[in-house]
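Below you'll find the structure, written out as structure tokens, and then a few comments.
We did not get these values from a lab; they are worked out from the coordinates using the rules stated. Computed from a predicted structure; not experimentally measured. All Cβ positions, even for glycine, are placed from backbone atoms using ideal geometry, and neighbour counts span all protein chains on display.
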Amino acid sequence: MNQEHTRPAEPDTLQQRLAEVHLTEVRSLLSLQKLVEDLVHEQGAGDEEGVDSELEQQYRRELRHKLKLMPAREVAYIIESLDAAERLVVWEEVKEGADAILALLPDDVLEELIDDSHYRNEKMAITAFELRDGRLRQIAVNGPDDLANVKPIWVDLIAPTKKVRGWVGQMFDIDVPDPGNLTDLEASARFYVDDEGHTHLHSDFLLDTREESRNVPVAMILHEQVLFTVRSEELPVFRLQRARARTRPGYVSNGTDVLIDLYAADVEYSASALEDMYGELDRIGRQVLRSHTSDQEASRILVAISEAEDLNARTRRSVLDARRGLSFLLRGKFLSETQHADVREILRDIESLDGHTAFLFNKINFLMDATDSAININQNKDIKRLTVLSVIFMPINVLAGMGGMSEFSMMTEGIPWPIAYTAFACSMVAIGALTYYGLRHFERRRSTAAQQLIQHHAD
């Protein structure tokens, strides 16, 4: 037998082949997981969605188990070989205690993973808009080449990575901020003009969904009539603005118009949220002001009131941020005469919304107090029932104490015990019934007297 043919392959070759096999398996699991995830988003709520979600979690667990069994060198090779989106999914599963893997990764991949880790659940998107025939024309941007021959008036960035912020900033000579760092509260850090003449505005836009409501910070930069917006997730206000600008000729003419209309759309969106809140509080008010509200109903009402209060506060915050941004534009004399008039109209709308938010806060406080009063009334009723029971059983307890005394046996001497104790039990029942009906009689008399007094004062 030829020894050359029976000799095993070199260890490096075996490891490489094994790594390729594992890479193929990981890609297959990622593809299946992505397919199920897309199906979950496309389907409506129902049993099938639950099944698909469970299947998605199953693929994720299988992926996690497979990666855990691989050596660090293989995992590093797989991460480096995958594309950006798949790379983040794998990294999410192995990042705990991944020092050995990090040491094997090249610097560009390492920088991308660390920079993108907090955007794991967000979909990165870059969109440029240029003006064509008075309408906005949308251009999907995947790299610098897509912007080479485009003169945009609006560049919209959703969850941009450090690398993306770098080449966009280099191409347009601006400093693109990280959307995760837009947490400043002071006005000087949110609305200012830098040394190069770029206008910066950082505002919180309202996002109201069925699951939750929150404020999403958005950075807006005006540079030579080109607007750059940076945020961590998609917002309904931006979708509305894009739809209007694409369908209405002459709706916008430059980046400043887009900026003003974004604020206008945010105010409109906040007004819709307040209108929905009015309807919700009216429904809650009818429940609270009923003749009887159980403790379970009161608990649900308190949760609904708390959610309404949170949404009202977030709406007020969004509206006030819009007011600060628009006031800054007015003071800076960045606007034309037409834009100046538009901003004045938006500020008047904000003033009216400010009154509505104050009214809703008062109504929320009233409903909260009324619900607390209903809970206290229910508790007082429970205490009253316990008090009545204790009064009813008080003479019975006295009689029972007498039955346990030795004198009772002396008193019933010569009487058969079944007769004696039966008579004793009947006496206890009779005394309890007399006490109960006596308390009801006095309660009715007191209620009648109170009604007569009220009628007398009414007359």
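Using r as the Cβ-Cβ distance of R331 and E92, and R0 as 35 Å, what FRET efficiency do you calculate, to the nearest 0.05?
0.20
Could you give each residue of segment 224-229 its phi-based ³J(HN,Hα) in whole Hz, using Karplus coefficients 6.51, -1.76, 1.60 with θ = phi - 60°, and x for Gly or Pro?
My calculation for segment 224-229 gives 6, 6, 10, 9, 10, 10 Hz in order.
Assuming R0 = 60 Å, what is the FRET efficiency of K162 and S390, from their Cβ-Cβ distance, to the nearest 0.05? Let's see the in-between values first.
On the way: r = 72 Å, r/R0 = 1.20.
Computed FRET efficiency for K162 and S390: 0.25.
Can you compute the modelled spin-label distance between S188 and D146, with each label point 7 Å from Cα toward Cβ, in nm?
Here the answer is 3.9 nm between the modelled labels.
For F205, enumerate residues with amide H under 5 Å from its amide H, sequence gap 5+ or separate chain, H modeled in the peptide plane.
Residues meeting the criterion, in which the H sits 1.01 Å from N, are V216, V218.
Where in segment 209-230 does the label zone of R283 land, with the point 7 angstrom along Cα→C-beta and an amide N cut-off under 19 Å?
Once the point is set 7 Å along Cα→Cβ of R283, 209-214 turn out to lie under 19 Å by backbone N, inside segment 209-230.
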